[in-house]
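For reference, the structure discussed in these notes is given below.
Derivation of every value follows stated rules applied to the coordinates shown; laboratory data play no part. Given the structure is predicted, the values throughout are model-derived calculations rather than measurements. In this analysis, Cβ positions are derived from the backbone assuming ideal geometry, glycine residues included, and neighbour counts consider all displayed protein chains.
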Amino acid sequence: MSGVSQAVIEAGGNVLGVIPAVMVNEKPQGHPASYERQPVSAEGQGPVVLDTSAGPGKMQTVVVNGMHERKARMATESNLGFVALPGGYGTFEEVMEMVTWTQLGIHNKPMVLVNINGFWSPMRQQVDLAHQEGFISDAGRQLIRFVDVEAADVDSCGQRVVDEVLSMQSALAQRPGGYWNWDRSSKTAPDSSPPAPAKRSLPRPDDAPMDVDEVLAVDVPDLTFTFRSDLPPALEHCDLKLRRGSRCLLIGANGAGKSTLLRLLAGKRLCDSKARVFGKDVFRESPSGITYLGTEWAMNPVVRSDIVVSHFLNSVGGYRHKERRDRLLDILDVDLDWHMHAISDGERRRVQLCMGLMEPWDLLLLDEVTVDLDVQVRADLLDFLTQETIERNATIIYATHIFDGLQSFPTHICHMRMGTTVDKEPIVWPPTGADADALPPTDETDQHRDLSPLLSISLAWLRKDKTLRGEAETARGRRRGAQKDADTDSERFFSKYDYSQTVNR
Ligand SMILES: Nc1ncnc2c1ncn2[C@@H]1O[C@H](COP(=O)(O)OP(=O)(O)OP(=O)(O)O)[C@@H](O)[C@H]1O
């Protein structure tokens, strides 16, 4: 791969590597490589590396959380198709998965194997055998092609391979969609036509009437999602429609489903229901311009390793967005000389935000990432985000439990309860007319508190949600909190296993 990368760079092309975080810094113990890595660039030593010394092209390495994300990212980035050179298990697996995705209609991309000195011939025989035996259909046999190359001709076979990819691409374009209707909730056959315009009129943040052809920034109709088939759905019948330029707060108790919804919108999990961002299916069509920032980032060992912040930011593409990066460095008050392993949680969070927000986004999904910022930085950040939605018409969905200084931030609020969105459409904020009348008054318990209208409504919602959730759990034989009437052997347990002196608190 390094040879291919080097050649591409020398020819002025761009190389994008996608690497799981675990492989970033070190060679795993027992790694069979008998040589020390001698990279032509600093590839593999940071989240994204640009090596300008290698040649006129650009080389970048993107670090992702795991192998599945890596594959999905590679599939998304490939807009022409896939070319495989000889390789081992990983290559076999990737080749077959990408072909399978074309067979199933998840994407529709050529797969061309460069058959150097017959390396892939056994694979071709296997595919032909499966075809003869009826395991692969006639149409399925067309989903993979081989270009025979002698080792001596490797340097000059590039054009033939590209021609094969292009020819296969036009053949695939004639092909109907995949076998499955991936949207189980739809009664109709797969439809490759552009998404239907939204039927209902949604208020724009500035309340202008909606154009019927306008593509919504977020369109989630009746979304249901289950983590495992033996568990009840974590999301059920969720609806969320937002126009570009909206800033929507997700409000709900712990476990209401906010993070799950945000992660689905970020395309991190496959779900049967149709969820669209800018008119594209979030998982299968991977719309560009989505940035998701969640709390799990700070747990990643890479961001706690001894990396200097300036290197870290450069390596994730700071050079491409220098102006925004500098602006964010000022707003977030980040010291470029900090070492990531020797800063506070809040400081690490500022670096995360700087890193995540540098590249302009069209949809920003924020999952509680401002929780450990000090109040001044948080206030300045909220101003920056508001400005982004006004100036660039970008959209934000923000799940938080911290309501300080939020009163004038949202254009919409969306109440989630027990895995569902309570209203068919998010409530325009600040509310007026009938919307305002429908909102709950301050709960009696909270009348002595000095609450903003937003916090007052949220508290009233969550108090009601707790009661409803308690009733639902009781009906299922569950109960939270103290179980005063239940028999317990905790005293006996304590006398036998007294850990109180040994457990760190
Ligand atoms: N990996 C998982 N496997 C199974 N169930 C899960 C998983 N993650 C979350 N859930 C369930 O999904 C539900 C919604 O969780 P989610 O994290 O989306 O809630 P949330 O509204 O973001 O909560 P919080 O405010 O605590 O962050 C919870 O009831 C939880 O039990």
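General remarks:
- Paramagnetic reach from residue 401 (point 7 Å along Cα→Cβ, amide N under 14 Å) across the range 348-379: 368-372
- Computed lengthening from residue 16 to residue 371, 0.36 nm per intervening residue step minus Cα-Cα distance: 124.5 nm
- Amide H partners (placed H, <5 Å) of residue 443, local residues excluded: 460
- Sequence-distant residues sharing a close amide H with residue 118 (under 5 Å, placed H): 149
- Scoring 226-234, 324-332, 302-310 by mean Cβ neighbours within 10 Å over their residues and listing the highest first yields 324-332, 302-310, 226-234.
- Rounded is the label for the range 402-465, because a/c, from the alpha-carbon gyration tensor with a ≥ b ≥ c as root eigenvalues, stays below 1.5.
- J(HN,Hα) series, the range 376-391, from Karplus relation 6.51 cos²θ - 1.76 cosθ + 1.60, nearest Hz, glycine and proline x: 6, 4, 5, 4, 5, 5, 4, 5, 4, 5, 4, 4, 4, 6, 7, 6
- Cα centroid separation, the range 245-310 to the range 79-131 (Å): 31
- Only the Cβ atoms of Lys and Arg (+1) and of Asp and Glu (-1) were treated as charged; on that basis the dipole of the range 72-175 about its Cα centre amounts to roughly 320 debye.
- Net length gained if the chain between residue 124 and residue 321 were fully extended (0.36 nm per residue, minus Cα distance): 66.4 nm
- Ascending count of other beta-carbon atoms within 10 Å, so fewest first, for 338, 120: 338, 120
- Amide proton proximity set for residue 60, modelled H, under 5 Å, gap of 5+: 15, 16, 17
- Applied to the range 470-481, the Karplus parametrisation 6.51 cos²θ - 1.76 cosθ + 1.60 on θ = phi - 60° returns per-residue 3J(HN,Hα) values of x, 5, 5, 6, 4, 4, 9, x, 10, 8, 9, x Hz, with x for Gly and Pro.
- Whether the range 66-157 is rounded, prolate or oblate, judged on the alpha carbon gyration tensor where a/c under 1.5 counts as rounded: oblate
- In terms of its C-alpha gyration tensor, the range 320-416 comes out oblate, because a/c is 1.5 or above while a/b does not outweigh b/c.
- Sequentially through the range 319-326, phi angles give Karplus couplings (6.51, -1.76, 1.60; θ = phi - 60°) of 4, 7, 10, 4, 5, 5, 4, 5 Hz, Gly and Pro residues having no value and appearing as x.
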